[in-house]
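What follows is a set of notes on a single structure, which appears directly below.
The values are calculated or read from the model by the stated rules, or taken from the named source; none is laboratory data. Note that the structure is a prediction, hence the values are computed from the model and not measured. Because the Cβ atoms are built from the backbone with ideal geometry, glycine has one as well, and the counts that use them run over all protein chains shown. In case anyone asks, the SASA skips ligands and DNA or RNA and just uses the protein heavy atoms, side chains included. Shrake-Rupley method; radii C 1.70, N 1.55, O 1.52, S 1.80 Å.
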Amino acid sequence: MQIEFLDTAPPSGPTPAIRLQARLCAADTLPPGLEPVLAEGAKAARFAGKPGQVFEGFAERATAGQGAALARVALVGIGKADSTAAERRDTLEKAGAALVARYRTSGEEALLLDVSGADGAGGLDAADVVAVLLGARLRGWHHDAYRTTLKDEQKRSLTRIAVLGAPAGTEAAWADAAALAEGVEFTRELVTEPANVLFPESFVARCQDRLAGTGVELTVLGKAEMTALGMGALLGVAQGSAREPRVLAMVWNGGKAGEKPTAFIGKGVTFDSGGISLKPPGGMEDMKWDMGGAGAVAGTMLTLALRGAKANVVGICGLVENMPDGLAQRPGDVVTSMSGQTIEVINTDAEGRLVLCDVLTWAQATYKPAALVDLATLTGASIAALAHEYAGLFSNDDKLADALTAAGKASGDLLWRFPMGPAFDKMIDSPIADMKNTGGRFGGSITAAQFIARFVEKGTPWAHLDIAGMVWADKPGATWDKGATGYGVRLLDAYVRDVLEAGTGPSGA
Ligand code: BES
Ligand code: MN
Ligand code: ZN
């Protein structure tokens, strides 16, 4: 979606008249100067300016020297002004998104969004208009690369939004939001790609392509390096697959020289069949998005670089495919992790923690991070607990947990904290090895987190985000169509902005 800012209306301005024109309306308010026929139509259609409510009518409007032309006029509701900043942002995003959802395949190529009269809600500032535009852009993203037989009316037509009357500072503020949108869209692309296209090597290649020239430095570990490092847990998962595993590190040093980075770590299981503990066939295709944590980390790194974030961040993805095979690992196998701790593999489908543990060990040894945040589609149990509304948050550090929770609220990528402790930790003791990779019937998300916690060095603030319920949507949401949501990018970007760039986070010289 191309976004441009106009000073004057098209009839006398630089672009040709745009037929589709939209105005924002606060609750029970209509824009001043609206044609009576539209005002009457809106009333007849019970348009009340509710958040995301859209009314469409037609009116004759003047064009540049060519007489009158038919304008297609959309009114979109932005509700009442009396809510928190986060709620306000949600509402405005929803309004922008509703417009694009309605007109994405309408045949119209451009939308003129007139925000000049949108003062019924107490006036929109630059951040408000940016929220509308971000919602519009994110809702417009769609992956149609493999659709060769789309009918014309199913194809995307809307590619351009021209904003009229935006308050001062909107264009500059939009640049940061556009960087965020790029990152979210990159994550969605990675998450959407099927596993025959996106596997560890090709995941790395996409990141190399997309991050080229941004200032992000990439390091890739292959199988030989991982073997030399002793990553027996990660390699055990990978050994049933014809696809070689990779670890991808993406370094962004936008902060103070010498300041320890924050590490974002992503589970990148490009396909999770379950391995020998094979999953049932129903819905197994969903496991192409078992790399959603890694996808979110890659998208975040793109955003941080594009907006020139003043923080030191390293994003690390553990990339493997989990397959059954004659060489695949078996339930009962004991593997030795890079940390030296041994693991009895009870269930080969609890593979995410086996990947993360070695990546965590390597990340701490290599980058000495000030704090670690891992994102993983780790457990179905987190979906049982939180549905698709919150990701699970687990942490050894209240300050980090609180900061992430706040970033979740500010960004709309919500988090809910779970308990941890020795009683849960005991559940993963093994009779033959240092630990086992499952914890029994109950508290499955917590025992998974306890497993990862055993690989965090003492004194390092760490948080684990179980995003299994958030990566993929079976129905359209406010700012996404059904499919990949891009969850995590907005959260991590907000954390970097509000905590690391504000200088209030864990760091060390
Ligand atoms: N990738 C899955 C978790 C998952 C399930 C993500 C559904 C998204 C939707 C993970 O690797 C897994 O299989 N977890 C098991 C753990 C169990 C074997 C202890 C689970 O949640 O059932
Ligand atoms: Mn699994
Ligand atoms: Zn998995």
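The value of relative contact order for the range 378-482, using C-alpha pairs under 8 Å at least six residues apart, is 40 percent. Excluding same-chain neighbours fewer than eight residues apart, the lysines reachable from Lys80 by a Cα-Cα span under 22 Å are Lys43, Lys50, Lys94, Lys409. Placing R0 at 35 angstrom, the Cβ-Cβ distance between Leu150 and Asn253 gives a FRET efficiency of 0.20 after rounding to 0.05.
Stretch Asp28-Val197 to full length: gain in nm at 0.36 nm per residue minus the Cα-Cα span?
Going from the current span to full extension adds 55.9 nm.
Counting protein heavy atoms only, the chain has 53 percent of its accessible area on carbon and sulfur, 1.4 angstrom probe. Pairs of Cα atoms nearer than 8 Å and 6+ residues apart set the relative contact order; for the chain it is 15 percent.
Expressed to the nearest 5 percent, the antiparallel share of DSSP beta bridges inside the chain is 40 percent.
Just to confirm a number: summing +1 for Lys and Arg and -1 for Asp and Glu over residues other than Cys357 whose beta-carbon lies under 12 angstrom from that of Cys357, what do you get? Overall, the nearby charge balance is -1. Under 5 Å between amide hydrogens, built in the peptide plane, is the criterion, and for Leu375 it picks out Ile265, Gly266, Lys267, Leu465 among residues at least 5 positions away or on other chains. Quick check: the angle from helix 292-306's long axis to the longest principal axis of the chain, C-alpha only, nearest 10 degrees? Taking the Cα atoms of the chain, the angle to 292-306 is about 60 degrees. Placing +1 on the Cβ of every Lys and Arg and -1 on the Cβ of every Asp and Glu, with nothing else charged, gives the range 23-110 a dipole about its Cα centre of roughly 140 debye. Placing unit charges on the Cβ atoms only, positive for Lys and Arg and negative for Asp and Glu, gives the range 2-166 a dipole magnitude near 540 debye about its Cα centre. With all protein chains kept in place, the per residue accessible area of the range 2-166 amounts to 48 square angstrom at a probe of 1.4 angstrom. Once the Cα atoms are used to define both axes, helix 126-140 deviates from the longest principal axis of the chain by about 70 degrees.
Less than 5 angstrom separates the built amide H of Leu112 from those of Leu20, Gln21, Ala22, Ala162, all sequence-distant by 5 or more or on a different chain.
For the chain, the Cβ-based charge dipole about the Cα centre amounts to some 300 debye (Lys, Arg positive; Asp, Glu negative; other atoms uncharged).
Summarised in one figure, the compactness ratio Rg/Rh of the range 2-166, Cα atoms and Kirkwood Rh, is 0.96.
Helical runs assigned H by DSSP (4 residues or longer) give the chain a calculated mean residue ellipticity at 222 nm of -10000 deg cm²/dmol, each run adding -39500 (n - 2.57) before division by the residue total. Using only alpha-carbon positions in the range 365-482, the gyration tensor eigenvalues give semi-axes of 26, 19, 12 Å once each is multiplied by 5 and square-rooted (largest first). In the range 37-165, a dipole from Cβ-located charges (positive for Lys and Arg, negative for Asp and Glu) runs towards its positive end, and of Ala68, Phe47, Ala127 it is Phe47 whose Cα lies farthest in that direction. For the chain, excluding the exposed loop sites themselves (chymotrypsin sites (Phe, Trp or Tyr not before Pro), DSSP loop, at most 10 other Cβ atoms within 10 Å), the longest remaining stretch covers 147-441. Of all lysines in the structure, those lying under 17 Å Cα to Cα from Lys260, and not within fewer than 8 positions of it along the same chain, are Lys310, Lys368, Lys458.
Which FRET efficiency value, to the nearest 0.05, is calculated for Ala406 and Ile432 with the Förster distance at 45 angstrom and r the Cβ-Cβ distance? Computed FRET efficiency for Ala406 and Ile432: 0.60. Using θ = phi - 60° in the Karplus curve 6.51 cos²θ - 1.76 cosθ + 1.60, the 3J(HN,Hα) couplings for the range 326-336 round to x, 9, 5, 6, 10, x, x, 4, 10, 10, 10 Hz; x is entered for Gly and Pro. At the listed q of 0.13 Å⁻¹, the Debye profile of the chain, built from one uniform point per Cα, gives log10 I(q)/I(0) equal to -1.16. Once the Cα-Cα distance is subtracted from the 0.36 nm per residue extended length, the Val37 to Ala59 segment shows a gain of 7.2 nm.
Could you give the distance between the Cα centres of the range 279-351 and the range 165-220, to the whole Å? Each part's Cα centre sits 20 Å from the other's.
For the peptides 110-116, 336-342, 313-319, the ranking by packing is 313-319, 110-116, 336-342, with the highest mean count of neighbouring Cβ atoms within 10 Å listed first. Spin-label pair Thr214-Asp7: with each label point 7 Å from Cα along the Cα-Cβ axis, the two points sit 3.4 nm from one another. Quote the FRET efficiency, to the nearest 0.05, computed for Asp498 versus His143 with a Förster distance R0 of 35 Å and r equal to the Cβ-Cβ distance. The value I calculate is 0.70. Among the trypsin sites (Lys or Arg not before Pro) in the range 37-96, those located in a DSSP loop and surrounded by at most 12 other Cβ atoms within 10 Å of their own Cβ are Arg46.
Helix 170-192 and the longest principal axis of the C-alpha atoms of the chain enclose an angle of approximately 50°.
Considering Cα pairs under 8 angstrom that are at least six residues apart, work out the relative contact order of the range 241-380 and quote it in whole percent. Computed value for the range 241-380: 39 percent relative contact order.
For the pair Asp474 and Ala81 in one chain, pulling the backbone fully straight at 0.36 nm per residue adds 138.4 nm over the alpha carbon distance.
Each label was represented as a point 7 Å from its Cα along the Cα-to-Cβ direction; for Ala387 and Lys399 these points are 3.6 nm apart.
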